[in-house]
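So the structure is just underneath, and the comments pick up after that.
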Amino acid sequence: MAGGPVRELAAMLAGMAPALDARRWRFVLVEGPPPQDAFALIREDDGTTAILPGVTGDFARVTLTVHSALDGVGLTAAVAGALAQAGIACNVVAGFHHDHIFVPWARADETLAILQRLVAAA
């Protein structure tokens, strides 16, 4: 598995090593050219959403640093389920290498603790 994507759920959970970004993030609708500092752009029929850093952002970003395979099954469900049990809303954005979990800023530390417990239990 050295450097390659991880597909097995237990291995993805054990290796996810969640990392909390110190910046605040916000989801905004954009028109015209996308902002250069956008973390992600989501183009939908209803408009384009940008995820941007900002001092007034309502969300924290936690990156699951395991190189999870795009066809791996269960990581999103396990993370979202654990956070749902604690009443924490989450929005997941998957990149080629990592998954990024956006949660309410006020619950960032609690989120990190929950995810670290998932790692320990895997």
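Bear in mind that the values in this text are calculations on the coordinates, not laboratory data. Small disclaimer: the values here were computed from a predicted structure and weren't measured. So basically every Cβ, Gly included, is an ideal-geometry build from the backbone, and we count neighbours across all protein chains shown.
Remarks
- 0 to 90° range, to nearest 10: angle between helix 108-121 axis and the chain longest Cα axis: 30
- Acute angle (nearest 10 degrees) that the helix 75-85 long axis makes with the longest principal axis of the chain, alpha-carbon atoms: 80
- Relative contact order of the chain, pairs being alpha-carbon contacts under 8 Å that are 6 or more residues apart, as %: 32
- GluC sites (Glu not before Pro) lying in DSSP loop within region 1-101, provided at most 15 other Cβ fall within 10 Å: E8, E31
- The length gained by stretching the chain between A38 and V119 to full extension, at 0.36 nm per residue less their Cα-Cα distance, is 26.2 nm.
- The chain: antiparallel DSSP beta bridges as a percent of all, rounded to 5: 95
- Taking amide H positions as modeled 1.01 Å from N, with prolines and chain starts lacking one, the residues under 5 Å from R24 and 5 or more places away or on another chain are G54.
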